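The structure appears right after this line, and notes come after that.
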């Protein structure tokens, strides 16, 4: 019974909200170029699927490429930081500067130097990079110092200490960072696409929104928005599941409630 | 009995200027159960970490009579890797020595069996009680059959009943292996029940103010608490502890 209400209630509320929207549009006869009804958005999604799915694929590809680069760069740099205070002190300011400067402000500059696609990729990378770096660095630094003593007692090499102790200890922090970075990479890609405004084959969802706006094709704008939301949800769910799969047996964050 | 190591004039102070140990002289005999008894913050744990080589002394020396042997260490908490099963936690010392899971299996299972946890080999630390976690920790410290086992208030965080049970199990397992034990505690009764010898520490800076011999076999059972040797040891240790804290006995 409880399980049923757990997902049934939110679903009913969501459907009710859509229904209300539909009714308001129909009763007030709001023109579709002002506010399209959900049914029209749904129809557009199907009719324009060719254009939209290509754009979705472009955006998702860039998002995941950026995320992969952020994981490699963030984890690598965090490991480097953990081995040397000097390196950490020297390079951390760069990471902070990149983090605090809004990506919308950097994008136009990158577009001067790079191809639009590369610029978008780098923007998405820049926003996804920091949460992974900072969480990973925190995780590596939070290793139980008694366990470090134990590894030292058994004369473990730094490499073994990293592989068998520090990396597993940092895993929950890393996965937390990954969940944030996944959402941010998508946002970074969208924002940069809007700044780039690149058309043609390589156009992502954000460009389709801009283009549809110029043509007053409001239903398509909504359809593209729906896809962006769905992509965001997909990324979040994916990493939440990954996190649960890796941590559920041992970490308190993945403990079942009420146990 | 022959000596295993000598601590000679050992001194240790920390960066903030706190002096933990000053002129500590102590000989640890091969095969004995030695307790380091003293008030909190008297440098007992520091002495243990110095012996383990986890830090180096500012003064004095640690002389191993015939080379430094394998050492096991048990902390106040179980200090297990939460992402690894009981088996994998006990495997760790052998794994770091280059043994594969299969090559280590016999020894790991024997160590788990000796603390009564063979059937929990696949359990993760969070599925175990506090006492069971400490048993895994002891099995890990003993899996390489070290000559010397250093224990830093290992049972202080456990409830009384678990603690008594673990005292008996520790005596049984280590008597079989002939392990030399240096055991840090602030409990007079625990030290009197477990030890062949009690070294009583003064407050900061720590040094040994009295050594008490406890008569009795190395492997003891509950009956030992009824003997006069136990009562004598408790009385002497208690008096020395009061002296250490600068109070009349």
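Derivation of every value follows stated rules applied to the coordinates shown; laboratory data play no part. Please read all numbers here as calculations on a predicted model, not as lab measurements. A quick note on method: Cβ atoms are made from the backbone with ideal geometry, for glycine too, and the neighbour counts reach across all protein chains shown.
Annotations
- Helix-only mean residue ellipticity at 222 nm for the protein assembly as shown, each DSSP H run of n ≥ 4 adding -39500 (n - 2.57), per residue, nearest 500: -19500 deg cm²/dmol
- As a calculated quantity, the FRET efficiency between residue A:57 and residue A:83 at R0 = 56 Å, using C-beta atoms, amounts to about 0.90.
- Region B:81-145 has equivalent-ellipsoid semi-axes of 17, 12, 10 Å, by the square roots of 5 times the alpha carbon gyration tensor eigenvalues, sorted largest first.
- Calculated FRET efficiency, residue B:243 to residue B:70, Cβ-Cβ distance, R0 = 35 Å: about 0.45 to the nearest 0.05.
- Kirkwood Rh and Cα Rg combined as Rg over Rh, evaluated for the protein assembly as shown: 1.16
- Proportion of all alpha-carbon pairs of region B:146-241 beyond 15 Å (%): 61 percent
- Overall form of chain A per C-alpha gyration tensor (a/c, 1.5; a/b vs b/c): oblate
- Our Cα-only numbers for region B:62-201 put the radius of gyration and Dmax at 14.8, 44 Å.
- Extending 7 Å from Cα along the Cβ direction at residue A:233 and again at residue B:56 yields two label points whose distance is 6.2 nm.
- Cα gyration tensor shape for region A:88-211, rounded if a/c is under 1.5, else prolate or oblate: prolate
- Ordering of A:13-23, A:49-59 by packing [mean C-beta count within 10 Å, highest first]: A:49-59, A:13-23
- Average beta carbon contacts from partner chains per residue of B:70-82, 10 Å cutoff: 4
- The ranking of A:33, A:154, B:193 by Cβ neighbour count inside 10 Å, starting from the fewest, reads A:33, A:154, B:193.
- For chain A, the longest principal axis of the Cα atoms and the long axis of helix A:103-113 meet at an angle of about 90 degrees.
- Simple label model, 7 Å out from Cα along Cβ direction - residue B:160 to residue A:157, nm: 5.2 nm
- Rg to Rh quotient for region A:73-155, alpha carbon positions, Kirkwood Rh: 1.15
- Hull-based mean projected area of chain B, where the convex hull spans the alpha carbons, in square nanometres: 13.9 nm²
- On Cα atoms only, tilt of A:218-247 relative to the major axis of chain A in degrees: 30 degrees
- The C-alpha radius of gyration of region A:119-174, expressed as a fraction of 2.2 N^0.38 Å, stands at 1.45.
- Rounded to 10°, Cα long-axis angle of helix A:85-100 versus longest principal axis of chain A: 10 degrees
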